[in-house]
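The structure appears below as structure tokens.
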Amino acid sequence: MIEHDTIAAIATAVGEGGIAIIRVSGPQAIQAVDRIFQTKQSLCDAASHTIHYGHIVNPDTNEREEEVLVSLMRGPRSFTAEDVVEINAHGGVIAVARVMDILLQQEDVRIAEPGEFTKRAFLNGRIDLMQAEAVIDLIRSKSDRAFAVARKQAEGVLSNKIKALRQNVIELLAHIEVNIDYPEHDVEEMTSQYIREQCEKTIVEIDHLLKTASEGKILREGILTAIVGRPNVGKSSLMNTLTQENRAIVTDIPGTTRDVIEQYVTLNGIPLRLLDTAGIRETSDVVERIGVERSRDAITEADLILFVLNNNEPLQEEDRELLKSLQGRSVIVIVNKMDLPTKLELDEVIPFLNGGSIVKMSMLQQEGLDQLEAAISDMFFEGKLEANDLTYVSNVRHISLLKRAKQSMHDAIEATYAGIPIDVIQIDARLAWEALGEILGDEAGDSLIDQIFSQFCLGK
Ligand SMILES: Nc1nc2c(ncn2[C@@H]2O[C@H](COP(=O)(O)OP(=O)(O)OP(=O)(O)O)[C@@H](O)[C@H]2O)c(=O)[nH]1
Ligand SMILES: [Mg+2]
């Protein structure tokens, strides 16, 4: 059997299922899970092909994070022919992300590449190439999509931040390179001090990213979703239906909701922070006017806008203005009250949509909910929803790569204190550069050399 490092990945589809399975494979699989798993008997002593009930514990806080079932399969009698541990957690994006995050904090565990379990099974002689190809084809069809999602997000704000980080590292690399290759060249002398400064700067920024972005808005707060529209179209009814509670007051009096009401729901495993807002209209009522202001603020802040229209009324000037103001945003138009006769001309709405979807619903008859959930999931998994640019899928990937880059920067700093030659320190910097590049989906190799030489005009 070929010795590998230990890899982990979520083996089930992302979303809300009964359970989700995290698969861990490699020489450290059993020890790594054992460290974060609280149960009667140590996994290290347990027999192969056994299942264990217990809790995943956060080693930093010692708190129980998740109730899980853990199955243990010692190599070679496992899918990869290595030691394999499978953690069965509760379904849902947040629960699985939490377990995955704790697991990846274990030093000897890294996130698996797409298809890597199968590749190992093949390399270890468990399956033949044809079998491997069949499985990889299957996985690819999903992982390519995940990659596309990650790629799309990487084009946003996060990507710019990562690019700035890479710029720090590339400057560092360029200085090192110049010192190695052109010692006689007139470039400021490479000092340990400079390396440390540059690395520390990068670490501070990575920490900031890890704090603000990755463990991020979505995981803690959900996608900020504002339900907006004119008075009486059924916004509060939608809120109540989605949350299956009756927190928002529903009446037939236009202007019922006066303030923003906030509630959390999970749809198809996607956490949403829902805001029910006051119906937007011109009003002389002071309280209502403040409510309308708050609705407008909510629209500005929201990651996703559920724009509600009444099927039983023609499109109004206020609707048109609102729709216009939502250009370029992530919007789903909900045509409510489908149980009543149609007076709304959808053809008038479509030009405002920019490819966004229309969902026909009736809150009264509780119809159209599945379609709404599907529309939201599609946007989320296609990367159209940019809740501060991170979705769960790439979240875990980003966190793990950012941590890898940070570690390399730490290694470089330590190396300067240990008096290690700079061409060795260069390797650490390069690793950081590559880890950051992987977040963006960039290839290393040639582009590194190109980039370095684009920094300095050397060796004419
Ligand atoms: N027939 C029918 N009535 C509905 C439907 N959805 C909501 N309603 C009714 O429409 C009225 C207004 O509903 P709300 O949910 O309070 O509307 P809103 O958009 O929150 O209104 P404001 O808070 O005033 O802005 C209530 O009388 C609801 O019962 C529907 O699908 N069909
Ligand atoms: Mg309301």
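All of the numbers you see were taken from the coordinates with simple rules; none came from a lab. On a predicted model such as this, the values are computed, not experimentally measured, just so you know. Quick reminder, even Gly has a Cβ in these numbers, built from the backbone with ideal geometry, and neighbours come from all protein chains shown.
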Exercise. Neighbouring Cβ atoms within 10 Å as the yardstick, rank ASP411, ASP5 fewest first.
Key: ASP5, ASP411
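Given a Förster distance of 41 Å, report the FRET efficiency between ARG64 and ASP285 from their Cβ-Cβ distance, rounded to the nearest 0.05.
Details: r = 50 Å, r/R0 = 1.22.
In this case the efficiency is close to 0.25.
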Exercise. Net charge near ILE413: determine it from the other residues with C-beta under 10 Å of the C-beta of ILE413, scoring Lys and Arg +1 and Asp and Glu -1.
Key: -4
Exercise. Can you tell me the dipole magnitude for the range 56-113 around its Cα centre, using point charges on the Cβ only (Lys, Arg +1; Asp, Glu -1), in Debye to the nearest 20?
Key: 220 debye
Quiz prompt | Relative exposure of ARG230, ARG404, ARG120, judged by other C-beta atoms within 10 Å (fewest first) | solution = ARG230, ARG404, ARG120
Quiz item: What is the spin-label model distance, in nm, from GLN371 to THR342 if the labels are put 7 Å beyond Cα along the C-beta direction?
Solution: 1.0 nm
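Tell me the net charge near GLY54. Cut-off is 11 Å between Cβ atoms, GLY54 excluded, with +1 for each Lys or Arg and -1 for each Asp or Glu.
So the environment of GLY54 carries a net charge of -1.
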Quiz item: Can you give the Kirkwood hydrodynamic radius of the range 6-78 from its Cα pairs, in Å with one decimal?
Solution: 13.0 Å
Exercise. Starting from the Cα coordinates of the range 219-389, work out the convex hull volume and express it per residue in Å³.
Key: 107 Å³
Practice problem: Based on other C-beta atoms within 10 Å, arrange THR118, THR243, THR225, THR61 from fewest to most. | Solution: THR61, THR243, THR118, THR225
Practice problem: Using the Cα centre as the reference, give the magnitude of the dipole from point charges on the C-beta atoms of the range 219-389 (Lys, Arg: +1; Asp, Glu: -1; all else neutral), rounded to the nearest 20 debye. | Solution: 140 debye
Exercise. Report, by chain and number, residues whose modeled amide H sits under 5 Å from the one on VAL335, excluding near sequence neighbours (fewer than 5 apart, same chain).
Key: LEU309, VAL359, LYS360, MET361
Quiz item: Of LYS201/LYS403; LYS40/LYS119; LYS163/LYS201; LYS163/LYS403; LYS235/LYS324, which pairs sit farther than 25 Å apart, going by alpha carbon to alpha carbon?
Solution: LYS40/LYS119
Quiz prompt | Where a label projected 7 Å from the Cα of ARG294 along Cα→Cβ would reach, residues of the range 259-286 with amide N under 16 Å | solution = 259-264, 274-281, 285-286
